[in-house]
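Data block below; observations after.
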Amino acid sequence: ANDSVLSADNNGVYSVTVTEEVRVTVSGITYTPDEPDPVRLKGEGTESSPYLISDLKELRYVADQINAGTNINFILGYYRLENDIDCGGETIDVIGNGISGNSFFGGHFEGNGHKISNYRIESRNGSYAGLFGIVQQYVAPGTAIDDNLGVIENLTIENFTLDAHAPSSSNVIAGSLV
């Protein structure tokens, strides 16, 4: 029998050239898709058990959930930054980008004395640009006027680039908190 052991190339691809009719048997291969691990924030998003943000992946997840504008638990959630986050010059999304009607931040973000640094914000389609775009109060029926104020506190931001372009016939509001 002609048994061959294949090795992957630089892209992880295994290949073999067959020049005649032959039976090929493949065994011992495990397929792992290139999908990122799902993000699971610690905490419940409440005042007594805030969502805990420890790294860039979790910060991006929070922005995605708020910007989707469909989950009130994220829009009005309580968050606490657990570590300094150095974004390494990567582009991150505005939190509360205002693209959909409910994509605003109305929660409480406790920076916990930490900083978010070395990031880039690009705003191409929205009118709000900054680490936090729209930070506003949400007054639900039956709540007091002081409930659900958008609060960001004890957070340092440094070394960032803000690149904002206004959609035609509008302006860009740069940074509720840049």
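All of the numbers you see were taken from the coordinates with simple rules; none came from a lab. This is a predicted model, so every value here is computed, not measured. Here the Cβ is made from the backbone with ideal geometry for all residues, glycine too, and neighbour counts use every protein chain on show.
Please work out how much length the chain gains when fully extended from D55 to E122, using 0.36 nm per residue of separation minus the C-alpha to C-alpha distance, in nm with one decimal. Mind dumping the intermediate values first?
Details: separation 67, 0.36 × 67 = 24.12 nm, distance 2.01 nm.
Going from the current span to full extension adds 22.1 nm.
At 7 Å along the Cα-to-beta-carbon direction for both I72 and V39, put a label point, then send me their distance in nm to one decimal.
Each label point lies 7 Å from its Cα, and together they span 2.3 nm.
So what are the ³J(HN,Hα) numbers for region 48-61, from phi and the Karplus equation (6.51, -1.76, 1.60; θ = phi - 60°), rounded to whole Hz, Gly and Pro as x?
Those phi angles translate into 7, 9, x, 5, 9, 10, 10, 8, 4, 4, 6, 4, 5, 4 Hz.
List the residues whose amide H sits under 5 Å from the amide H of K42, counting only those 5 or more places along or on another chain, with H placed 1.01 Å from N in the peptide plane.
Hits under the 5 Å cutoff: L52.
So, in nm, how far is label S100 from label E21 when the simple model puts each one 7 Å beyond its Cα toward the Cβ?
If labels sit at S100 and E21, their model points lie 5.7 nm apart.
Skipping prolines and chain starts, which residues have an amide H placed within reach, meaning under 5 Å, of the one on S103, given they are 5 or more residues away or on another chain?
When sequence neighbours closer than 5 places are left aside, the close amide H contacts are G98.
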